[in-house]
Amino acid sequence: MSSTIASILEETRIFEPQQNQHANIGSLDEYHTLRRCFSDDFDATWRDLAREHLDWRAPFTRVLNRERAPFFSWFEDGKLNLSENCLDRHIAAGSGDRTAIIWESEAGEVRRISYVELLADVCRAANAMRELGIESGDRVVIYMPMIPEAAIAMLACTRIGAIHSVVFGAFSANALRERIEDAEAKLVITADGGGRRGGVHALKPKVDDALSGGCHCIQHVLVVRHAGNEVGKTAGRDIDWHDALKVQPDSCEALTVDSEHPLFILYTSGSTGKPKGILHSTAGYLLWARLTMQWVFDFQPETDVFWCTADVGWITGHTYSVYGPLACGGTTLMYEGVPTYPDPGRLWKICAEHGVTVFYTAPTAIRALIKAGDEWPNQHDLSNLRVLGTVGEPINPEAWMWYHNVIGKGRCPIVDTWWQTETGGHMIAPLPFATSTTPGSATLPLPGIDAAIVDEQGKLVTDSGGLLVIRQPWPSMLRGIWNDDARYVDTYWKKFNNTFYFAGDGARCDDNGFFWIMGRVDDVLNVSGHRLGTMEIESALVSHDSVAEAAVVGRPDDIKGEAICAFVVLKAAWNEALVDALRAHVAKEIGAIAKPDDIRFADSLPKTRSGKIMRRLLRDIAAGRDITSDISTLEDQSVIEKLQRSGQG
Ligand code: PRX
């Protein structure tokens, strides 16, 4: 058991919610009332929320269609446009001059974009895409730094019904190619580069590299000039974003789409094979993005400045940097750069300067900033903060308490939000002015979310740990895996006979009904809140000429939560340069985030007699702890000692 999990399990401190008469949900009674509405009439409650919170072009006739379970559809026959809900709607309501996006570059440049300006840019981009032949249903890959054009490109896709697939800028050319090909995208939108640690992280060259090795589906590349680095231009294919947009009108008729029109594909790691393209659709996703903003962050669009530090390349960036705040008509902050540049006070300086009121980040960032010392936050005025959030991995009580005391000065509720790429939005989280909180627990399922903990047979467990499942569909659930229906059913539904959604996490419930997330029960790693598949890293390693076999496991890490440990069997003799070479190779195949922290060389890997790699054993060895797994089936017992020695010196 990791030290984080162990300390979470011993946690008993409880923090009662503060009174707030203006909160969207201001008491636990209100929370229970809303939950009861769902248990009394599930469909009618969703129906009312969807009618109230979205602007429809045509009303829906059916709330939830379960006929093709586990393929569900929501709000059938309803018609709407997402960009219209995020932009035109607020302008029509008189909020056009409100700031939609505050952007700050690493060098300190600031842009403020109002709703009116954002709509104009989105329309120009949408018109430019249409002129390039992009039609409803076409896939557009967005490979961008954290700049407003990333959000503009996403919204422009939704304006014309194109399906976007954002690829995180730190993924390599090979990873980008794999995603472009799987999605069969027609267009890539990228930038020359982004600002990072005082330098430039070049993006366009990686796009060139990706396209040179295949991707025949791509017809054009739109390039935002941003970082000023020199980039090549392929005639007929590459188009300057600014040149393309400036000749376009600033209005664009929004395409009316069905509720279930595919909205985006976002690739994420699974326990087997290549990354899977998680597919989300329009109305249900948007509804939940808006509701969770209001419920979990108590978002008040007139007065709040909301900052989610996640990159748009991850689901957190999709839902809470872009769609959630904009669906509510509020102000979202985007920062392009690293949290510790030029010093570890950068995030707090931004909070102070822009008057951030709701701040949302990952435990990894908190742990890294704790290490830097309290003097950094203490230099800045954090008095505007009123709600703090965390996401992506379990938060250890020490980090929670620091966040609470040093950043929140003991007065800001902390919302520890459990959710996934697949769930689209928050699932288990406190409501800041209704739920009491306790360090390390994501507390209660949100109204409408039927979360439970079951054993391997699907039977409810009450007093011990088990598997986290969701027993009822919810509007922002994934609609499938792009081009792979069978994998969708196998991964999430088969385990419990198509009745429960299986999240892949272990959890336990305490006497108050609070959920404690214990981490993945499959071969998915959570490194600094980034999700990586062990198999992906293993395939990258074995694609190196010197590697015969590889097994990758996680080991506890104080800052990153989990570090990557690779056990490698070589084809040829060992030499010192191999460690760096293999790390560089993984960075090339996947991206720098997947580089193993430890590489241990071995003569062979521990396997059962049937040939299965014994991962639990490797996890114990990687963590340097006593062997807890059953090794009676291990074929060659001498392997253990050799492996333990492989990590020394
Ligand atoms: O293991 C859980 C962990 O992150 C996984 C989902 O990763 P991803 O799809 O990349 O989405 C991350 C951001 C939503 C989950 O299966 N996880 C997410 N939030 C928490 C968490 N673990 C513990 N506590 C959380 N609050």
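No value in this document is a laboratory result; all are computed from the given coordinates. All of these numbers come straight from a predicted model, not from anything done at the bench. Neighbour counts run over all protein chains shown; Cβ positions are idealised from the backbone, glycine included.
Using 0.36 nm per residue and subtracting the Cα-Cα separation, the extra length available between Val247 and Asp598 on full extension is 121.1 nm. With a/c under 1.5 counting as rounded, go ahead and sort the range 362-461 into rounded, prolate or oblate using the C-alpha gyration tensor (a ≥ b ≥ c being the square roots of the eigenvalues; past the cut-off, prolate if a/b is larger than b/c, else oblate). Prolate, because a/c is 1.5 or more and a/b exceeds b/c.
Whole-percent P(r), the chain, all Cα pairs, 10 Å bins from 0: 3, 16, 27, 28, 19, 7, 1, 0.
Ignoring aspartates and glutamates fewer than eight residues from Lys371 along the same chain, the ones with Cα atoms less than 14 angstrom from its Cα are Asp343, Glu398, Asp557, Asp558. In terms of its C-alpha gyration tensor, the range 401-512 has a prolate overall shape, because the principal axis ratio a/c (a ≥ b ≥ c, square roots of the eigenvalues) is not below 1.5 and a/b outweighs b/c.
Database note for the chain: Cys without another Cys beta carbon under 4.7 angstrom, Cys37, Cys86, Cys157, Cys215, Cys217, Cys308, Cys328, Cys351, Cys412, Cys509, Cys565. Listed cross-link partners Lys206/Lys571; Lys206/Lys274; Lys588/Lys642; Lys560/Lys612; Lys186/Lys233; Lys233/Lys595 are compared with a 22 Å cut-off, the Cα-Cα value being larger for Lys206/Lys571; Lys588/Lys642; Lys560/Lys612; Lys233/Lys595.
List the aspartates and glutamates whose alpha-carbon lies under 20 Å from that of Lys459, not counting same-chain residues fewer than 8 positions away? Cα-Cα hits under 20 Å: Asp450, Asp490, Asp505, Asp510, Asp511, Asp522. Under the criterion of Cα pairs below 8 Å and six or more residues apart, the relative contact order for the range 395-506 equals 19 percent.
Summing charges over neighbours of Arg583, with a neighbour being any other residue whose Cβ is under 12 Å away from its Cβ, gives -2 when K and R count +1 and D and E count -1.
In plain terms, the residue of Ile350, Ile621 with the fewest other Cβ atoms within 10 Å comes first and the most crowded comes last, giving Ile350, Ile621.
Evaluate the relative contact order of the range 143-284 (contact order divided by residue number), counting alpha-carbon pairs under 8 angstrom at least 6 apart; express in whole percent.
25 percent
As a length-normalised measure over Cα pairs under 8 Å and 6 or more apart, the relative contact order of the chain settles at 13 percent. Shape class of the range 532-591 from the Cα gyration tensor (axes a ≥ b ≥ c, square roots of the eigenvalues): prolate, since a/c reaches 1.5 or more and a/b is larger than b/c.
Rounded to the nearest 20, the size of the Cβ-charge dipole of the chain about its Cα centre is 540 debye, with Lys and Arg at +1 and Asp and Glu at -1.
For the peptides 19-29, 506-516, 397-407, residues were scored by their other Cβ atoms within 10 Å and the scores averaged per peptide; the highest-first order is 397-407, 506-516, 19-29.
Bridging of Lys79 to aspartates and glutamates at a Cα separation below 15 Å is possible for Glu52, Asp55, Glu253, Asp258, Glu260, once same-chain residues fewer than 8 apart are set aside.
Place the peptides 585-598, 63-76 in order of packing, highest mean first, counting for every residue the other Cβ atoms within 10 Å and averaging per peptide.
On the way: 585-598: 19.6, 63-76: 16.8.
Ranking, from highest mean packing down: 585-598, 63-76.
Between the range 418-443 and the range 250-301, how far is it from one alpha carbon centroid to the other, in angstrom? The two parts, judged by their Cα centres, are 19 Å apart.
So, counting K/R as plus one and D/E as minus one, what does the shell of residues with Cβ under 12 Å around Pro439 add up to?
Working: positive: Arg13; negative: Glu10, Glu11, Glu398, Asp416.
After counting each charged neighbour, the total is -3.
Here the range 448-476 and the range 604-649 have alpha carbon centers that stand 32 Å from each other.
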